[in-house]
Amino acid sequence: AKPFAALGDAPSSYYDENGVTVDYAPPPIGLTDFESHYGMLFAIDGHSVRWTPQLTPDAWPDVFSVTLAYEPVALASFNQGLIILCQDAIYRLDGNTPTQMSLSKTSAEDGCFAPHSVQKTDKGLIYLSKRGIMLFNGAYAECMTDTRVQGAVINGPSRTANPIPFWWLPTVMTKN
């Protein structure tokens, strides 16, 4: 029952922050692997990683994005940074405001090729690379399976005259 003039101005769909004009846009079709970090929502969009303003998950400005040479596989909020796992390497987005995010490449050269293998632990991020299972601490990655025990070393008690290297210990029940 109020006149139109009493409603005020039309809400703006943009604002300026740190010299950057942020114009709201709807989320692009095809966003994958969503991750929350410092109140912002991050997602993979082809070869780019895009994010929203803080506490505004429905606005995806074009200026809030970084483009990488290789397509990102997975995202993880870890060690005060957003970790971007690609097949060639691991990148890191640092910052806690959407207009001041900075991208850097870590010294980890073994990237991830299985997006659902990324797990957060107390020791770091564990993920699967072509080299094996990797442990990433925020700066570099170490291969956990380089020092694995070879199957030929495990020659346990066996019913056969010449033990065959098995990955389990053969018994009477598993012999056949």
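What the table shows:
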quantity	calculated
Filter result for the condition that a residue is buried (at least 16 other Cβ atoms within 10 Å of the Cβ) and over 20 Å from Ala25 (Cβ atoms), over Ala74, Ala59	Ala74
Of all residues making up the stretch 26-58, the number that are among the polar types (S, T, N, Q) and touching a residue at least 40 places away in the same chain (Cβ under 8 Å)	3
Test: residue in the stretch 33-40 that is in contact with a Phe, Trp or Tyr (Cβ under 6 Å, 6 or more places away or on another chain), surrounded by 13 or more Cβ atoms within 10 Å (Cβ to Cβ), part of a strand (DSSP E or B) and not small (Gly, Ala, Ser)	yes
Any strands (runs of 3 or more DSSP E) falling wholly within the stretch 99-150 and containing at least 3 residues that are surrounded by 15 or more Cβ atoms within 10 Å (Cβ to Cβ) and not acidic (Asp, Glu)	125-128, 133-136
Residue ID - modelled with the lowest pLDDT, chosen from residues in the stretch 41-72 that are in a loop (DSSP other than H, G, I, E, B) and polar (S, T, N, Q)	Thr56
Candidate set: the stretch 19-32, residues that are part of a loop (DSSP other than H, G, I, E, B) and loosely packed, with under 13 Cβ neighbours inside 10 Å; chosen: the one farthest from the chain's Cα centre (by Cα)	Gly19
Qualifying position, being within 21 Å of Ala141 (Cβ to Cβ), among the hydroxyl-bearing types (Ser, Thr, Tyr) and out of contact with any Lys or Arg (no Cβ under 7 Å at 6 or more places or on another chain), among Tyr70, Tyr24	Tyr70
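The values are calculated or read from the model by the stated rules, or taken from the named source; none is laboratory data. None of these values were measured; they are calculated from a predicted model. Note: ideal-geometry Cβ built from the backbone for every residue, glycine included; neighbour counts use all protein chains shown.
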